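To start, the structure itself, in structure tokens.
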2 protein chains.
Amino acid sequence: MADYREMWKDLGMDLETHDLLCEVLPVAFTDVYLSQKNRPEGMGYYDFVVSEIHGVRPAELIEAQKNGKKVFGSFCIFVPDEVIFAADAIATGLCGGSQFWVPGGEKVLPTNTCPLIKASVGARLDRTCPFFRIADMYIGETTCDGKKKAWEILKEDVPMYVMDLPQMKRRKDYKAWAEEITALKDKVEEFTGNKVDAEKLAASIKLINDKRRALQRLSNFRKNKNIPISGKDVLLISQIAFYDDPTRFTQMTNALCDELDKRVEEGISVFPKGTKRILLAGTPLAIPNWKLHNIVETTGGAVVCEEMCTGTRYFENLVEEGRDTFEGQVEALAERYMNINCACFTPNEARIDDIKRLVKEYDIDGVIDVNLKFCNLYDTEGFLVERALKEAGIPVLGIETDYTDADAQQLRTRIGAFIEMLG
Amino acid sequence: MADYREMWKDLGMDLETHDLLCEVLPVAFTDVYLSQKNRPEGMGYYDFVVSEIHGVRPAELIEAQKNGKKVFGSFCIFVPDEVIFAADAIATGLCGGSQFWVPGGEKVLPTNTCPLIKASVGARLDRTCPFFRIADMYIGETTCDGKKKAWEILKEDVPMYVMDLPQMKRRKDYKAWAEEITALKDKVEEFTGNKVDAEKLAASIKLINDKRRALQRLSNFRKNKNIPISGKDVLLISQIAFYDDPTRFTQMTNALCDELDKRVEEGISVFPKGTKRILLAGTPLAIPNWKLHNIVETTGGAVVCEEMCTGTRYFENLVEEGRDTFEGQVEALAERYMNINCACFTPNEARIDDIKRLVKEYDIDGVIDVNLKFCNLYDTEGFLVERALKEAGIPVLGIETDYTDADAQQLRTRIGAFIEMLG
């Protein structure tokens, strides 16, 4: 790994504590990822990004800042990156996927908060994540109780802008979200000093759609009987999508897909015949949370689809291109984002339809409904989801977990038994 | 108690299970309430209402239904009763304050849900609360994750209408709430077949304001050095305010206040000199949750104010009267309701100002910041509240509790020590 200590020091990070993270991450990555056999060569790029996760991309962001660009950090797939890139600024994800950050969050947040939020807040307050140090402004949203209130703590430290996501999906709520997108545009313009016009927004809509198209293309490979790439690897790519430069990410992902095209032609699979095809549904898996994929794929299963924010909810729908007015574009953005079926909406029945559709499209043998501990939204909705799947004759296993390894063996037993039962 | 078994049977209630509740409630009430000395005579009315809590008011509601009236059940102080009464219908509270109902809720909801929501859902699904059986329609709101998702389970059983409360307090959010109130009006008109006009709405605004004025008058007595009524008794009155006929409730509460006027003149206090004056801040205390008041008032304290939904948040602000158009009235309603400082908003700094103001107005010795277990909103906000109070030199104790008695002794020890420390 290149030496980024000077950069981290300049960012005001806690180097000593951060060193501990730098020690454990490569070990976990080697165990989970590099131990896989027959990986596509194109994974080399993502492996490199992870190996320098707190170095290479942060260095680029700092360089961009030196050239006058602003960096906006966000926590949720409802924040429309298109608006930020249209103001010649950069959007980057800020979620926290490691137990390493959780105790820092628990200093100020209730223990009964989901690990994702605790890790995010801990990463910021403990100064052990460069992305949190670099971002000039955070953009929050009102998707859940925990995040809504966490913004009030984070904003004491960093400029924070909050978008109010409607909690329902009536036509007027689509309009309200369009207004929020326009308000974000105003804020971003003010903060960057750059104007957003229809031409720039059209370009950034295409930029982000291209990323989605690449992820869709990647995802489609998993529909094959011969699965040319592991679920773990696709998860890693999805996680990196939140941080990486979108143009480069799209290029590299399409290059990987070219390689996978050949694998499909040659009938190459990274899984033995008869491996059970698993869909994970539920709460997101932020980097470096690879726990469930690792368990599934070492107990006779292959994860071939994630109905998650780090999955189909992130890339499935495109923003309509070709609208030629700013108002029309904002309408198209609102339409696309409001069609994400997140458990934060009431009701959210379309999510059950999504899961049933994905089960068919990906020829799923069994669904694992995943809840990050203390996410009340997905936990409650899980009751309805699991009931609906059972009624439809689709095998489903509901699990709740967090970022610790304390339950790994128990999960391995339960998931192993579930997969065996599918046989 | 009169015999209401036939009525409960007709309501489709589970009589056997309900009998168990009927056995425990009077015992708890006798222990907590009737054991008090020197209670105002005017408490007789509220004692009667509680002694027949599942009988007398339900019988009135059923009688009203026979005469063509509709009954709307709600769970939150953001639902504007004014609109319902203006349509010649009846609004009633539906919250659940007893552990008795919690296991029923846990059959379908995550254990990590607050007891208030679990009890409400359990009371409905187990068919052990007549109010839940009587209501023709429930009115929910989007104030928290747990409730938002609970509506999806409740609505499988009962007509359910949900109001989308904005999650922030910008001017446009006030307007959005006014639109929600108008949409509720449309729904209530359609469901009842009765038109709401400015004249009817003016009358119901006055009706509900009168209730608030009576509660304000009652609350003001607690500002006296000689406290003429216990906190427990005022809590009971606040709880009954959610269920009772508003006209009668206002009359009876004003009659009680007339009695308290005399007590003040005569310098009567129900507490010994030197009793510490406690403000409870935080999550609501639904009937029959009297646990904290009972502990405080048997360990050397007097609860003289509740900054809660069952307290100042319910009655402090009036709806502006005298607007002569429907639009103007809705604007006044939106203004009044949006000014409630609930932790569901981000940010919610005005709540801290409220608490500091109440500390002065009620000459408070110490604040107990109360969180119902698994309420992430008030729990997270509690961190900010308690820090602000400490910075202002106001003694504060943060506690988290649920409806069980398991922690009663521990709370007694902690609260006792806190009150002693105030000395």
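The values are calculated or read from the model by the stated rules, or taken from the named source; none is laboratory data. This structure is a prediction, so every number in the text was calculated from the model and none was measured. We place every Cβ from the backbone using ideal geometry, glycine too, and count neighbours over all the protein chains shown. SASA here: full protein model, heavy atoms, side chains in, ligands and nucleic acids out. Shrake-Rupley method; radii C 1.70, N 1.55, O 1.52, S 1.80 Å.
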Item to check | Matching residues in region B:192-214 - criterion: being farther than 17 Å from B:E320 by Cα and among the aliphatic types (A, V, I, L, M) | outcome: B:V196
Item to check | Subset of region A:298-319 (residues that are open to solvent by 30 Å² or more (accessible area, probe 1.4 Å) and assigned to a loop (DSSP other than H, G, I, E, B)) | outcome: A:T298, A:T299, A:G300, A:E316, A:N317, A:L318
Checklist entry - Based on what the data block shows, is A:G105 over 30 Å from A:D186 (Cα atoms) and free of Cβ contacts under 8 Å to residues at least 12 places away in the same chain? => result no
Next on the checklist: I'd like the residue in region A:76-90 that is in a loop (DSSP other than H, G, I, E, B) and open to solvent by 20 Å² or more (accessible area, probe 1.4 Å) and, out of all such residues, is nearest to A:K195 (Cα to Cα).
Outcome noted: A:D88
Item to check | Tally of residues being of a type outside the set (F, W, Y) and either under 16 Å from the mean Cα position of the chain (by Cα) or within 19 Å of B:S98 (Cα to Cα) (or both) across region B:305-329 | outcome: 11
Next on the checklist: Can you list residue pairs whose Cβ atoms sit under 8 Å apart, with the first residue in region A:168-182 being free of Cβ contacts under 8 Å to residues at least 12 places away in the same chain and the second being open to solvent by 50 Å² or more (accessible area, probe 1.4 Å)? Count only pairs 6 or more apart in sequence or on different chains.
Outcome noted: A:K172/B:E179; A:E179/B:K172
Item to check | Residues satisfying the stated conditions in region B:240-250, i.e. in a helix (DSSP H, G or I) and out of contact with any Lys or Arg (no Cβ under 8 Å at 6 or more places or on another chain) | outcome: B:I240, B:T247, B:R248
Checklist entry - Which residues, taken from region B:156-167, are at the interface with another protein chain (Cβ under 8 Å from one of its Cβ atoms) and without any contact (Cβ under 8 Å) to a residue 24 or more places away in the chain? => result B:V162, B:D164
Item to check | Condition met for B:L116 (away from chain A (no Cβ under 12 Å), within 19 Å of the chain's Cα centre (by Cα) and open to solvent by 20 Å² or more (accessible area, probe 1.4 Å)) | outcome: yes
Next on the checklist: Conditions first: (1) within 13 Å of chain A (Cβ to nearest Cβ); (2) open to solvent by less than 10 Å² (accessible area, probe 1.4 Å). B:A334 passes all but one, so which condition is the exception?
Outcome noted: (1)
Next on the checklist: Quick test for you: out of B:I134, B:I153, pick the one residue that is out of contact with any His (no Cβ under 7 Å at 6 or more places or on another chain), over 28 Å from B:N348 (Cα atoms) and facing chain A (nearest Cβ under 9 Å).
Outcome noted: B:I153
Item to check | Verdict on A:W177 being of a type outside the set (D, E), within 26 Å of B:E179 (Cβ to Cβ) and more than 7 Å from chain B (Cβ to nearest Cβ) | outcome: yes
Next on the checklist: For region A:392-421, give me each residue that is open to solvent by less than 30 Å² (accessible area, probe 1.4 Å) and either of a type in the set (S, T, N, Q) or within 18 Å of A:T275 (Cα to Cα) (or both).
Outcome noted: A:I394, A:V396, A:L397, A:T401, A:I415, A:G416, A:F418, A:I419
Next on the checklist: Take A:K200 and tell me if it is under 23 Å from A:T250 (Cβ atoms) and either within 14 Å of another protein chain (Cβ to nearest Cβ) or of a type in the set (K, R) (or both).
Outcome noted: yes
Item to check | Top-ranked residue of region B:355-380 - restricted to ones that are within 13 Å of B:A281 (Cβ to Cβ), among the charged types (D, E, K, R) and more than 18 Å from the chain's Cα centre (by Cα), ranked as nearest to the other protein chains (Cβ to nearest Cβ) | outcome: B:D379
Item to check | Out of B:E63, B:E41, B:E23, B:E82, sole residue that is more than 14 Å from chain A (Cβ to nearest Cβ) and farther than 28 Å from B:Y314 by Cβ | outcome: B:E23
Item to check | Pair list, Cβ under 7 Å, 6 or more apart: region B:48-74 residue at negative phi, other residue part of a helix (DSSP H, G or I) and among the hydroxyl-bearing types (S, T, Y) | outcome: B:K70/B:T192
Item to check | Members of region B:381-391 that are in contact (Cβ under 8 Å) with a residue 12 or more places away in the chain, more than 8 Å from every other protein chain (Cβ to nearest Cβ) and open to solvent by 10 Å² or more (accessible area, probe 1.4 Å) | outcome: B:E386, B:A388
